[in-house]
Amino acid sequence: MRRLMAVLITALSLSACGGNGNQQATTAPTPSSPPFINLTGTWTGTAQDTIGGQGTLRATITQTETQFTGTWSLTFPNASYNNGGSLEGVIGATTITGVLRSNLTCPLSVTFLLNTTRSLSGQYASVNCATVTVTGTFALTR
């Protein structure tokens with residue numbers, strides 16, 4: 001008799017959990033995709049450089065999917081520190097990195113932080129340069 005009671009209680013408990021069969025299955029929400037970042041355009045703003053001091057940075061960027069190319073110029077009150085050249089980089093899931101190239105100095109690695117769709121900031125540093133170490137920060141808008 002005890003065994004029969006245990007079987008009946010178990011059967012009733014399981015049927016209560018089963019529902020009426022008319023319930024719709026729920027699906028877990030899908031994670032949203034990261035926002036599309038578009039760097040294409042002309043960006044201008046200030047830079048603080050360990051060699052030239054405070055200057056003006058201008059970058060013109062063209063983007064294709066997650067890669068970008070363009071040109072850059074950095075001007076200072078003392079024109080002997082002015083520099084410029086080409087740029088290229090990659091937009092990753094959490095970072096935007098690139099290289100600034102110039103005929104005047106060693107390449108500069110650059111890391112960008114997109115603050116808004118019209119504002120970015122970042123830092124740069126010379127790479128594999130035996131003659132001089134350059135570092136700096138910048139803030140740009142378009």
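The values are calculated or read from the model by the stated rules, or taken from the named source; none is laboratory data. Here the structure is a predicted model, which means the values were calculated and not measured. Cβ atoms come from the backbone with ideal geometry, glycine included; neighbour counts cover every protein chain shown.
So here's what we get for this one:
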{"quantity": "Elements of type strands (runs of 3 or more DSSP E) contained in the range 39-142, each with 1 or more residues being among the basic types (Lys, Arg)", "calculated": "53-64, 96-101"}
{"quantity": "From THR10, THR46, residue being at pLDDT 50 or above and surrounded by 10 or more Cβ atoms within 10 Å (Cβ to Cβ)", "calculated": "THR46"}
{"quantity": "Counted residues, the range 73-91 - those being within 19 Å of the chain's Cα centre (by Cα) and within 18 Å of VAL127 (Cβ to Cβ)", "calculated": "4"}
{"quantity": "Test: residue in the range 104-118 that is aromatic (Phe, Trp, Tyr), surrounded by 18 or more Cβ atoms within 10 Å (Cβ to Cβ) and under 15 Å from the mean Cα position of the chain (by Cα)", "calculated": "yes"}
{"quantity": "Some residue of the range 54-64 being out of contact with any Gly (no Cβ under 6 Å at 6 or more places or on another chain), farther than 24 Å from THR133 by Cα, modelled with pLDDT of 80 or more and surrounded by fewer than 13 Cβ atoms within 10 Å (Cβ to Cβ)", "calculated": "yes"}
